[in-house]
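Visitor: Quick one: structure below, then a few questions.
The values are calculated or read from the model by the stated rules, or taken from the named source; none is laboratory data. Quick caveat, the model's predicted, so the values are computed rather than measured. Backbone-built Cβ (ideal geometry, glycine too); neighbour counts: all protein chains shown.
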Amino acid sequence: MLSTIINSAESFIISNVSLAVFLGCILEQIIVPIPASLIVLTSTFLVMQGASFSLMNLGTLIVKIVIPASLGITVGSLVYYVLAYKLGTPFIDRTSKYLGVSVEDVEKIGEHINENRYDDIFMFIARCLPIIPAIVINLFCGLIKYDIKKYLITTFFGSAVQILGWGLLAWFSGNIYLALEAKISFLGNVVLVIIVLAVIGLIIYNRRQSKKENN
């Protein structure tokens, strides 16, 4: 029963991977406590398993995983951007225990921005590297009313860089796993054959010994 459900889920994800990744990343940004990295790693492993590295397959990864995931993150992040933009600090203060983000957390990002002359580059790098929680960036950008066009650009392309990194990791790791699995499976079959032959040999030996004793 469980294996049937798992196989059905895998088939659905593979058949609708772009939609699944897009929706998953939207929900991840809003309510679901599942990191986008896990969504990307799982989807990439299922879709790219066994695929050799080539520009065509890299294009498949970008089109089916990276772009939908980046779009999902960008769309989902707008929820808290807009709420912080419209409601300001009181919203962050009232929801801090639910979101796990306090006004102080957001202010710390502001300090980094104030110390950095290149705020757009900082925003882009912050999206590329999963060091700062995405929700903190979303709330901060809304709070300071960060230019929406710059917000969308830095969020999408920064997320794309991060997602591509996760995707490549899953792709190569998946191929290594399959290679090891094949070798382990092969060794397991060899061991099984040796055990079977040993048992057959032991049976034949015992029968011959029994015949000699009877004679």
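Visitor: Scan region 48-68 and give yes if some residue there is aliphatic (A, V, I, L, M) and not in a helix (DSSP H, G or I), otherwise no.
Guide: Yes.
Visitor: Then there's this: Give me the pairs, please: first residue somewhere in region 14-29 and under 20 Å from ILE137 (Cα atoms), second residue anywhere and of a type in the set (Phe, Trp, Tyr) and modelled with pLDDT of 90 or more, beta-carbon distance under 9 Å, and either six or more positions apart or on two chains.
Guide: GLN29/TYR80
Visitor: Find the residue count for region 95-153, including only residues that are assigned to a helix (DSSP H, G or I), touching a helix residue (DSSP H, G or I) at 6+ places or on another chain (Cβ under 9 Å), modelled with pLDDT under 90 and hydroxyl-bearing (Ser, Thr, Tyr).
Guide: The total comes to 2.
Quick grid of which residues meet (1) surrounded by 14 or more Cβ atoms within 10 Å (Cβ to Cβ); (2) under 17 Å from the mean Cα position of the chain (by Cα):
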{"position": "LEU19", "(1), (2)": "no, yes"}
{"position": "GLY59", "(1), (2)": "no, no"}
{"position": "ALA69", "(1), (2)": "yes, yes"}
{"position": "THR89", "(1), (2)": "no, no"}
{"position": "ILE109", "(1), (2)": "yes, no"}
